[in-house]
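One structure is given below, encoded as structure tokens.
Here, each number is a calculation from the coordinates, and none is a lab measurement. Because the structure is predicted, anything quoted here is derived from the model rather than measured. All Cβ positions, glycine included, derive from the backbone under ideal geometry; neighbour counts span all protein chains shown.
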Amino acid sequence: MSFLLKGGLVVDPQAGIEKEADVRIKEGKIIEFGQHLESAGDGEQEELINVQGKIVAPGFIDMHVHLREPGGEAHETILTGCQAAAAGGFTVITAMPNTKPCADNEGVIELVKVRAQNVDLVQVLPIGTISKGRTGQEISEMGSLFRAGAVAFSDDGSGVASSEVMRRALEYTKILDVPVISHCEDAALVGDGLMHEGYWSTVLGLRGIPAQAEEVMMARDILLAELTGGKLHFAHISTAGSVALLRFARERGIPVTAEATPHHLLLTDEEVSIQSYSTSTKVNPPLRSRADVEALRTAVKEGVITCIATDHAPWSEEEKEQEYAKAPSGIVGLETAIPMVWDTLVVKGKMRPQELIARFTIGPAEVLGLEKGKGSLAVGRVADITIIDPQMKKAVNANEFYSKGKNTPVNGRVFQGWPVMTIVGGKIVMRDGKVKGDKN
């Protein structure tokens with residue numbers, strides 16, 4: 001497939017480029033970049049695609065996605081998850097390991113890889129577990145999981161309670177030169193909490209989860225990273241205290257990284273009240289206070305938080321349509337992430353487009369150690385490209401999601417700045433909201 005993207009605003013944070021230019025793609029790669037490129041000669045078949053008024057960016061990477069397969073196909077499959085990713089403007093996603101069975105063995109890693117390749121939409125990178133069975137008792141066979149294709153290790157969904165297990169994991173992954181992704185949660189402090197502990201939990205009569213449940217474990221893991229020299233990344237941090245700890249680590253020269261989610265950058269714990277206990281607002285970690293949201297936004301702006309990741313967590317309607325205490329935690333995010341943060345941070349003037357795009361591209365690419373041009377639009381690199389219409393305004397309609405999960409707290413809300421084309425390896429997998437292979 002050969003085509004010429006004509007007249008777009010090319011934004012490449014890695015190269016520091018933000019200018020109108022044309023991009024020519026052939027045989028899966030970017031072969032030419034410049035202003036006023038001429039169409040290919042008559043002997044070549046090349047599609048001319050007018051992208052004037054659009055932003056042409058490196059392919060967006062989501063390093064925190066729950067595809068549920070194997071074992072949770074009622075909630076999501078690799079097919080529907082990849083369709084949702086393509087629709088949302090993502091070219092690369094990682095598959096979190098808390099499946100059934102979990103990804104603590106080569107078989108699950110291979111299954112995810114093969115099924116994703118058969119879907120042939122976006123690139124899926126498997127993540128292996130830190131511990132066997134995700135019990136936190138004994139580290140997994142990390143070497144074999146790495147050789148099978150795991151790009152990182154996480155017990156996401158559960159914090160690793162044992163400091164000794166986390167230490168050994170960081171030591172072992174240092175040898176492999178891959179990150180440990182920490183889900184910071186002290187289960188004893190969480191208890192049977194349902195939402196952020198604060199004013200709104202008191203008003204609503206719901207047991208709260210203190211910010212310290214996240215921060216206590218984050219502080220421990222920072223010190224363990226200093227001890228071991230292992231690569232440590234924090235998943236979905238949500239509190240002002242966590243941001244302060246991240247700054248503390250940077251000041252001590254500890255090279256830890258972190259991600260924030262679109263929902264933690266937009267919504268506060270008041271949303272539980274606004275939506276009258278809707279379980280679409282129940283997420284782990286919980287939606288936090290206004291002060292926490294502002295601290296996260298500042299950290300993303302400054303590059304203290306280098307990644308934005310969705311923590312896409314689909315659930316079937318049957319699971320979510322329970323009382324608040326019984327419903328599982330999780331929000332779907334793949335198809336709403338870009339407009340949520342674009343509207344919240346760029347349209348509102350809090351960040352420049354290049355800064356935000358960096359958090360979806362070079363940030364996660366560096367954490368995961370990705371090569372082959374991920375996060376860049378340089379000539380000769382693989383053509384992974386996300387095209388955004390920064391002026392498009394549209395209401396979220398969960399019924400139109402490709403994801404099986406419809407559990408979003410922003411259904412019906414209007415956002416500005418939507419992806420209109422996703423190109424993976426030189427193939428257009430989404431155009432104007434329609435994913436390749438969609439027969440509707």
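Points worth noting:
- Near Val65, the amide H atoms lying under 5 Å from its own belong to Thr94, Met96; only residues 5 or more places off or on other chains count, and H is placed 1.01 Å from N.
- Cα-based shape type of segment 283-440, given that a ≥ b ≥ c are square roots of the gyration tensor eigenvalues and the cut on a/c is 1.5: oblate
- Cα-centre dipole for the chain with unit charges at Cβ (Lys and Arg positive, Asp and Glu negative), debye to 20: 400 debye
- For a straight C-alpha distance cut-off of 16 angstrom, the aspartates and glutamates reachable from Lys393 (same-chain residues fewer than eight places away being disregarded) are Glu335, Asp343, Asp432.
- Under 5 Å, built H, 5+ apart or other chain: amide partners of Gly159: Glu185
- Restricting the calculation to Cα atoms, segment 101-156 yields a radius of gyration followed by a Dmax of 11.1, 37 Å.
- Eigenvalues of the alpha-carbon gyration tensor of segment 145-262, scaled by 5 and square-rooted, set the equivalent ellipsoid semi-axes at 28, 15, 12 angstrom, largest first.
- Mean residue ellipticity (222 nm) of the chain, computed from DSSP H runs ≥ 4 via -39,500 (n - 2.57), nearest 500: -8500 deg cm²/dmol
- Segment 267-356 - Rg and Dmax from Cα coordinates, angstrom: 14.4, 42
- Rounded to the nearest 10 degrees, the angle from helix 212-228 to the longest Cα principal axis of the chain is 70 degrees.
- Segment 198-230 and segment 247-286 have their alpha-carbon centroids 11 Å apart.
- Our coupling estimate for segment 331-345, obtained by passing each phi through the Karplus curve with A = 6.51, B = -1.76, C = 1.60 and θ = phi - 60°, is 10, 7, x, 4, 8, 10, 4, 5, x, 4, 7, 5, 5, 6, 10 Hz, Gly and Pro reported as x.
- Listed pairs Lys6/Lys394; Lys6/Lys427; Lys350/Lys374; Lys113/Lys231 exceeding 20 Å between Cα atoms: Lys6/Lys394; Lys350/Lys374; Lys113/Lys231
- Only Cα pairs under 8 Å and 6+ residues apart enter the sum, and on that basis the relative contact order of the chain stands at 19 percent.
- For the pair Gln35 and Ser162, label points projected 7 Å from Cα toward Cβ lie 6.2 nm apart.
- Expressed as a whole percent, the proportion of Cα-Cα pairs in segment 54-142 lying more than 16 Å apart is 52%.
- Beta bridges per DSSP with both ends in the chain, % antiparallel, nearest 5: 55 percent
- Relative to the longest principal axis of the Cα atoms of the chain, helix 106-119 runs at roughly 30 degrees.
- Residue-wise HN-Hα coupling along segment 424-436, computed from phi with Karplus coefficients 6.51, -1.76, 1.60 (Hz; x: Gly, Pro): 10, x, x, 9, 7, 9, 8, 9, 6, x, 9, 8, 3
- Helix 290-302 vs. the chain, principal-axis angle (Cα, 0 to 90°, nearest 10): 40 degrees
- Cα-based shape type of segment 59-368, given that a ≥ b ≥ c are square roots of the gyration tensor eigenvalues and the cut on a/c is 1.5: rounded
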